[in-house]
Structures are given as structure tokens and as C-alpha cells.
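**Q** Okay, here's the structure, questions in a sec.
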Amino acid sequence: MRAPASEAELLGRARAIAGGTLAELADSLGLPLPGDPRRAKGWAGQLVETALGAPSAGEPGPDFPGLGIELKTIPVTPAGRPRESTWVCIAPMEDLTGLHWERSLVRAKLARVLWVPTVDGTDGGFQSRRIGAPLLWSPSPEEEAVIRADWEEFIEDIALGRIHTITGRRGTALQLRPKAANARERNWTTDEDGGRTLANPRGFYLRASFTAALLARHFGALRPAAGGPPGTGGETVGARVSATGRDTPG
DNA sequence: GACTGATCATAG
DNA sequence: CTATGATCAGTC
């Protein structure tokens with residue numbers, strides 16, 4: 001399939017596949033279903049990439065280079081709550097001097113994102129997961145400020161040789177967590193004396209709480225607890241993201 | 001149930 | 001071997 005020529009065309013394609021299951025989508029493309037779910041990490045993302053015509057699967061840079069858009073599938077519960085954090089990009093561990101937010105990989109990756117929720121099915125398996133309404137998103141000034149503050153804190157610590165002090169607990173929107181084939185992998189990084197040392201490779205992730213707020217803001221607020229004002233709750237996020245996309249704002 | 005640290009598949 | 005795609009699974 002050729003790459004979409006515009007944001008509108010990409011969004012149209014994403015809306016067209018919304019409402020179906022991942023298994024149905026794979027069938028329609030003539031692609032096999034994976035066996036063991038534990039060995040199918042990444043399958044949903046690659047399937048949706050193919051379905052939407054991403055031209056350069058597996059290559060560096062945005063999924064849709066001509067449009068500057070990054071595609072992210074995000075697993076959500078029927079209530080619309082993301083089940084996982086979202087992978088962003090690898091963290092630089094060496095040569096950080098002069099690195100600035102404006103030229104960072106995190107900012108570039110998150111500048112324009114097409115979120116495609118995959119909603120849990122009843123049987124818990126990935127095949128029954130349904131594609132939800134897509135959301136074409138750019139960070140609001142407030143969202144970007146939060147991400148930037150986290151990023152700058154992490155980068156400063158890495159540059160000062162303190163990567164070993166960073167855990168997944170840090171960060172409001174962004175996390176720095178291991179990103180490697182296993183815990184024995186090592187990359188060069190700076191130590192506290194400015195020399196070189198080895199550490200486990202890390203990557204940036206968006207917290208589920210951050211993506212939950214992002215989805216809620218665009219698809220509607222989460223239903224208030226019982227006792228809330230009548231008529232103000234509206235649909236749950238799950239109802240919205242589970243929809244085909246024809247009724248959603250945006 | 002949420003969260004963190006660890007891990008798995010594929011393309012090039 | 002690296003980069004991209006994420007989810008697993010044990011712990012809190």
C-alpha cells in the first residue's frame with residue numbers, strides 16, 4: 001500500500017480500520033496471527049503500521065516521514081485506561097554536552113503522534129482486541145512543558161554521570177527505564193568523574209497516567225464516581241475509543 | 001491494580 | 001548489531 005499523502009488521508013485510513021479486531025485486520029492483509037502472546041510484543045504496532053501504509057517499517061525516523069507523524073498503538077481497557085506505558089525512544093548516554101530540548105529525539109518523536117488504541121477483548125487475548133478511534137495529537141504547551149522538564153532532569157543526570165541513580169519512579173510524564181534485550185547489556189556512558197563507564201541501556205517512556213489524561217482530554221472525561229452531577233459525565237473514554245471513530249471529535 | 005525493571009520479535 | 005515495535009511478569 002502506498003504511503004498516505006496527507007494527514008487527512010492517514011486519519012481516514014485509521015478510521016476505516018477502527019471497530020474491527022486485530023485478527024480481522026491481519027486476515028484482511030493476509031498476515032498470519034502470532035502464536036504465543038508472550039512472543040508477540042510489537043505485533044499490534046507493526047500490523048497497524050502495515051495497514052495504514054507506513055513506508056519504512058523498521059527504519060529510524062517517523063513512521064510517516066513525508067508527514068512527520070509517529071504512529072503509536074496503545075493498549076487500553078474497555079474503560080479507556082492505558083494498560084501500559086508508551087515507548088518513545090532510546091536515551092542518549094554519551095556526548096550530551098550541548099544537547100538541547102529543541103533538538104531532542106523525544107521532542108521530535110512526540111511532535112505529531114497518531115494514537116491508535118487497541119481495546120481489550122472479552123477473552124483477554126490479543127486477537128480479540130479491537131481497534132479504537134484514532135487520535136492525531138500534538139502536545140499542548142502545558143503537556144510539552146511537563147515532558148520537557150522531565151527530559152531536562154534526566155539529561156542533566158546522565159550528563160553528570162548519575163544514570164545509575166535514575167529509576168522508573170522519577171518523572172511526571174516521562175520515565176527513564178531499561179531498554180535492552182536483557183539486563184546484561186551494556187552501553188558506554190559518563191561516570192561522575194567525566195570518564196567512561198558501562199551501564200544498562202535506557203529509553204524514554206510516557207507514563208500510562210499521562211497518556212490516560214491525554215486520551216481523556218480528547219475523547220471526553222472519565223465518568224465521575226457515583227454521586228457526581230447528573231448529565232455531566234457523558235460517555236466513558238472506553239466507549240469513545242471503542243467507537244469506530246465516526247462520532248468522535250477531532 | 002498500578003508500576004517498575006526485564007524481556008521478546010523482526011527488519012535492515 | 002542497532003533501531004523499532006511494544007508487552008511481560010514480579011513486586012509494591
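**Q** Build a GNM of chain A with springs between Cα atoms under 10 Å: which of A:Leu25, A:Leu198, A:Leu52 gets the top mean-square fluctuation?
**A** Judging by the Gaussian network model, the answer is A:Leu198.
**Q** What is the stretch A:58-147's relative contact order, in percent, from Cα pairs under 8 angstrom and six or more apart in sequence?
**A** Working: 112 pairs, mean separation 24.6, N = 90.
RCO, the stretch A:58-147: 27 percent.
**Q** Of the DSSP beta bridges with both residues in the stretch A:56-131, give the percent that are antiparallel, rounding to the nearest 5.
**A** Here the antiparallel bridges make up roughly 35 percent for the stretch A:56-131.
**Q** Here's a follow-up. Using helices alone, I'd like the mean residue ellipticity at 222 nm for chain A: each DSSP H run of four-plus residues gives -39500 (n - 2.57), total over residue count, nearest 500.
**A** Details: 7 runs with 71 residues, N = 250.
Mean residue ellipticity, 222 nm, calculated: -8500 deg cm²/dmol.
**Q** Around A:Cys89, which amide H atoms from residues at least 5 apart in sequence, or from another chain, sit under 5 Å from its own amide H, with H modelled in the peptide plane?
**A** A:Phe204
**Q** Dividing the alpha-carbon Rg of chain A by 2.2 N^0.38 Å yields what? Display every interim value, and only then the final one.
**A** Working: Rg = 19.3 Å, N = 250, 2.2 N^0.38 = 17.9 Å.
Its radius of gyration relative to the 2.2 N^0.38 Å reference: 1.07.
**Q** Positive end of the dipole of chain A, charges at C-beta (+1 Lys, Arg; -1 Asp, Glu), about the Cα centre: which of A:Ala181, A:Trp43, A:Pro92 has its Cα farthest in that direction?
**A** Toward the positive end, the furthest listed residue is A:Trp43.
**Q** Using Cα centres only, tell me the gap between the stretch A:114-135 and the stretch A:25-83 in whole Å.
**A** What the calculation gives is 11 Å, centre to centre.
**Q** Then there's this: Read phi for every residue in the stretch A:96-101 and hand back ³J(HN,Hα) as whole Hz from Karplus 6.51 cos²θ - 1.76 cosθ + 1.60, θ = phi - 60°, with x for Gly and Pro.
**A** Values per residue, Gly and Pro as x: 8, 4, x, 5, 10, 3 Hz.
**Q** Could I ask something else about it? Calculate how steeply helix A:7-17 sits against the longest principal axis of the alpha-carbon atoms of chain A, using the helix alpha-carbon long axis, and give the answer as 0 to 90 degrees to the nearest 10.
**A** So the helix axis and the longest Cα principal axis differ by about 60 degrees.
**Q** Quick one: go through the stretch A:93-112 and flag any residue whose amide nitrogen is under 17 Å from the point 7 Å out along the Cα-to-Cβ line of A:Leu198.
**A** Only A:93-94 fall inside the zone, counting backbone N under 17 Å.
**Q** What number comes out for accessible area per residue over chain A if the probe is 1.4 Å? Units Å², please. Present the calculation step by step, with values, prior to reporting the outcome.
**A** Details: 12860 Å² over 250 residues.
Here the per-residue accessible area is 51 Å².
**Q** Over chain A, what percent of the accessible surface lies on carbon and sulfur atoms, probe 1.4 Å? Working shown, then result.
**A** Numbers: 6650 of 12860 Å².
That share works out to 52 percent.
**Q** What percent antiparallel are the DSSP beta bridges of chain A, to the nearest 5? List each step's numbers first, then the result.
**A** Numbers: 21 of 28 bridges.
The antiparallel proportion sits near 75 percent.
**Q** So for the stretch A:70-219, averaging the separation of alpha carbon pairs under 8 Å that are six or more residues apart and normalising by length, what relative contact order in percent results?
**A** On the way: 256 pairs, mean separation 43.6, N = 150.
Computed over the stretch A:70-219, the figure is 29 percent.
The values are calculated or read from the model by the stated rules, or taken from the named source; none is laboratory data. These numbers come from a predicted model, not from an experiment. Here the Cβ is made from the backbone with ideal geometry for all residues, glycine too, and neighbour counts use every protein chain on show. Quick note on the areas: whole protein, heavy atoms, side chains included, nothing else; ligands and nucleic acids left out. Shrake-Rupley method; radii C 1.70, N 1.55, O 1.52, S 1.80 Å.
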